[in-house]
């Protein structure tokens, strides 16, 4: 019965978190500003690596390549998946909050690396870009969300049993 309860809560939370992403107002007032911030930070980090890039809105561009950060490229879906799973899991509220915030930060940190690597792949290994953009990095980000949840549930379950 606990598993069914978890699944019901998880899917309800996931729907509550994901459905607003389909609304144009949420895209315009939340996602685009978030993507712009991510783009600005990624561009600054690429600059520290010696890349001559500029950012304009959600676009990172240089003389060799440009990437446009669209909805779905910002790690939000994986983050919301993890947060819904953590919040649905039967654990003390403080532990759930720490796991949700820590997991979200980790996913976003890895997503910054993803964005920078995609720009660099576009510049220096253009033939690899599509495979990494569509397959490799999408799989890594989602696997990270699932892996963080699995490791956290093992840890919190063991701690609560002790």
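Just so it is clear, none of the values below were taken in a lab; they were calculated from the coordinates. Small disclaimer: the values here were computed from a predicted structure and weren't measured. With ideal geometry, Cβ positions are generated from the backbone for all residues, glycine too; neighbour counts draw on all protein chains shown.
With a cut-off of 16 Å, note down the residues of segment 85-106 whose backbone N falls inside the zone around a label point 7 Å from the Cα of residue 16 toward its beta carbon. Once the point is set 7 Å along Cα→Cβ of residue 16, 85-91, 93, 96-97, 100 turn out to lie under 16 Å by backbone N, inside segment 85-106.
Spin-label pair residue 41-residue 5: with each label point 7 Å from Cα along the Cα-Cβ axis, the two points sit 3.6 nm from one another. Between helix 93-124 and the chain there is an angle of about 20 degrees, using the helix long axis and the longest principal axis of the Cα atoms.
Computed from Cα atoms, the angle from the helix 32-48 axis to the main principal axis of the chain rounds to 60 degrees. Between the entries (1) 55, 45, 27; (2) 57, 35, 26; (3) 40, 33, 32, the label attached to Cα extents along the principal axes in Å calculated for this structure is (2). Per residue of the chain, the DSSP helices (runs of n ≥ 4 H) give a summed -39500 (n - 2.57) that works out to -23000 deg cm²/dmol at 222 nm. The value of relative contact order for segment 31-77, using C-alpha pairs under 8 Å at least six residues apart, is 36 percent. Taking the chain as a Gaussian network of alpha-carbon nodes connected by springs under 10 Å, the highest mean-square fluctuation of the residues 118, 69, 151 belongs to 151.
Residue separation times 0.36 nm, minus the C-alpha to C-alpha distance between residue 142 and residue 98: what's the value? Can you show the working numbers first?
On the way: separation 44, 0.36 × 44 = 15.84 nm, distance 1.95 nm.
Fully extending the segment from residue 142 to residue 98 adds 13.9 nm.
Among 6-15, 104-113, the peptide with the highest mean count of other Cβ atoms within 10 Å heads the list, and the full ranking is 104-113, 6-15.
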